[in-house]
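Asker: Sharing a structure, written as C-alpha cells. Questions coming.
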Amino acid sequence: MKKLLLVIGLLLLIVSGCTQNEERPETIITEIEGATSIDMSAYDNMDAHDHVFLEVKATDLLNLVSDGGSGIFFLGYPNCYACNVLISLIDEAAKEVGVNVYYINVDDPASAFSSHYDQIVELLYDYLNEYDGQKQVATPHVFTVIDGQIADSQISAVDGFDGTDATAGLMIDRYKEMFEAMVK
C-alpha cells in the first residue's frame with residue numbers, strides 16, 4: 001500500500017511539472033488608453049513590430065503619475081546613438097520578463113514632449129543629470145513608475161558596458177532588475 005501511494009505521489013509530481021502554466025506573468029502596469037504599437041524599424045537592429053514598445057504621449061505619462069498608475073517608460077529618439085545601441089537590449093529584457101514598455105519619442109512633436117518638458121523635468125528631477133548648471137532630460141532614459149512614483153531609473157548605460165555583445169548582459173540584467181519590480 002505504501003508503494004502504491006508513493007507511486008501515485010510521484011506521478012502527480014511529474015504530471016504537475018509537465019503541465020506548468022506558461023502564461024505571461026501578471027503585471028502591475030497600468031494600461032494607457034490609446035497606447036499603440038509602433039514601427040520601430042527606424043532604430044538599428046529593431047523589427048518593425050516584433051517588440052515590446054507601445055507609443056504614448058508625454059501627457060499619458062503625466063496622467064499616469066497623477067492617477068497613481070504604474071508603468072515602464074523609455075524616452076528616446078531614432079537619431080540618438082546610445083538609444084540605437086541600447087534599444088534591442090531593453091526589448092530583450094522586457095520580453096524575458098514579459099512586460100511592455102511605453103515609448104515616448106522625445107523628438108516627435110506629436111508626442112507633446114517639448115511642450116511638457118518642464119513638467120517631465122520636475123517629475124524626474126531627482127534622477128536627472130545636470131548640464132550647464134541645470135537638470136536636463138537625457139536619452140536614452142528608462143524608468144519605472146509604481147503607484148504614481150518614480151521607482152527606478154537608468155539613463156544611458158551602466159558602468160562596464162562598452163557597447164559590445166560581450167558586455168550586453170550587464171544592460172540586460174539591469175533592465176530585467178528594473179522590470180521585474182513590475183511583475184507581481
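Asker: Yes or no: the stretch 64-79 includes at least one residue that is assigned to a helix (DSSP H, G or I), touching a strand residue (DSSP E or B) at 6+ places or on another chain (Cβ under 7 Å), at pLDDT 95 or above and closer than 30 Å to Glu122 by Cβ.
Answerer: From the stretch 64-79, those assigned to a helix (DSSP H, G or I) are 64-66; that's our starting set.
Add one more test, that the residue is touching a strand residue (DSSP E or B) at 6+ places or on another chain (Cβ under 7 Å), and what stays is 64-65.
After this cut, where a residue has to be at pLDDT 95 or above as well, the list is 64-65.
Restricting the remaining residues to those that are closer than 30 Å to Glu122 by Cβ gives 64-65.
Looking through the stretch 64-79, at least one residue is assigned to a helix (DSSP H, G or I), touching a strand residue (DSSP E or B) at 6+ places or on another chain (Cβ under 7 Å), at pLDDT 95 or above and closer than 30 Å to Glu122 by Cβ.
Asker: Restricting to the stretch 125-143, and then to whatever is under 27 Å from Tyr43 (Cα atoms) and assigned to a loop (DSSP other than H, G, I, E, B), can you tell me which residue is nearest to the chain's Cα centre (by Cα)?
Answerer: The extreme case among them is Pro140.
Table: residues versus (1) β-branched (Val, Ile, Thr); (2) assigned to a helix (DSSP H, G or I).
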site	(1), (2)
Tyr102	no, no
Ser115	no, yes
Leu123	no, yes
Val145	yes, no
Gly163	no, no
Met178	no, yes
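Asker: Quick one: Asn84 ticks every box in (1) assigned to a helix (DSSP H, G or I); (2) modelled with pLDDT under 95 bar one, so which box is it?
Answerer: Asn84 satisfies every listed condition except (2).
Asker: Then there's this: Which count do you get for residues in the stretch 30-79 that are open to solvent by less than 40 Å² (accessible area, probe 1.4 Å) and β-branched (Val, Ile, Thr)?
Answerer: Of the residues in the stretch 30-79, 6 are open to solvent by less than 40 Å² (accessible area, probe 1.4 Å) and β-branched (Val, Ile, Thr).
Asker: May I ask you to say which residue of Ala181, Ala157 is within 14 Å of Ile87 (Cα to Cα) and small (Gly, Ala, Ser)?
Answerer: Working: Ala181 fails: within 14 Å of Ile87 (Cα to Cα).
None of the other options fit; the residue is Ala157.
The values are calculated or read from the model by the stated rules, or taken from the named source; none is laboratory data. Bear in mind that the values here come from a model prediction, so they are computed numbers and not experimental data. Neighbour counts run over all protein chains shown; Cβ positions are idealised from the backbone, glycine included. Surface areas here come from the heavy atoms of the whole protein model, side chains and all, with no ligands, DNA or RNA. Shrake-Rupley method; radii C 1.70, N 1.55, O 1.52, S 1.80 Å.
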